[in-house]
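Everything below concerns the one structure shown next.
Just so it is clear, none of the values below were taken in a lab; they were calculated from the coordinates. Nothing here was measured: the structure is a model prediction, and the numbers come from that model. Counting neighbours? That spans all protein chains shown, and the Cβs are built from the backbone with ideal geometry, glycine included.
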């Protein structure tokens, strides 16, 4: 779990830094952001506030760590599901292309056999 903290409330931010010091990284390297307000970000956002579905104020270190673990697990599961879906789509495309190639190749073989039969028949008829 790699976390970045961006809070408006200094007390919350410092508490989070104290509790999570071993998980803290730069924003560009984090798995998700923790904030006390909704901010625009490309990273998943864990909000800690009065009405937050993730974690409300006040919170204990244990409650924080448990909520963050659940959030991190949910992010990883979503990423895994997305990866599996992309893999399934890629496999379907590969199957479609290989089936089209196989049909085209079978048609070419059928045409070659047909042409060979025609030539053999012409050769036999000439004798």
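Could you list, in sequence order, the residues of the range 7-42 that are part of a loop (DSSP other than H, G, I, E, B) and surrounded by 15 or more Cβ atoms within 10 Å (Cβ to Cβ)?
Matches in the range 7-42: 7, 9, 20, 30, 31, 36.
Given the condition within 14 Å of residue 3 (Cβ to Cβ), under 26 Å from the mean Cα position of the chain (by Cα) and without any contact (Cβ under 8 Å) to a residue 40 or more places away in the chain, answer yes or no: does some residue in the range 57-69 qualify?
Looking for residues that are within 14 Å of residue 3 (Cβ to Cβ), under 26 Å from the mean Cα position of the chain (by Cα) and without any contact (Cβ under 8 Å) to a residue 40 or more places away in the chain, one finds at least one in the range 57-69, hence yes.
So, of the residues in the range 43-58 that are assigned to a loop (DSSP other than H, G, I, E, B) and touching a strand residue (DSSP E or B) at 6+ places or on another chain (Cβ under 7 Å), which turns out to be nearest to residue 17 (Cα to Cα)? Quick ask: steps written out before the conclusion?
Initial filter on the range 43-58 (assigned to a loop (DSSP other than H, G, I, E, B)): 43-44, 49-54, 56-58.
Okay, now just the ones that are also touching a strand residue (DSSP E or B) at 6+ places or on another chain (Cβ under 7 Å), so 43-44, 54, 57.
On the way: 43: 19, 44: 18, 54: 18, 57: 16 Å.
The selected residue is 57.
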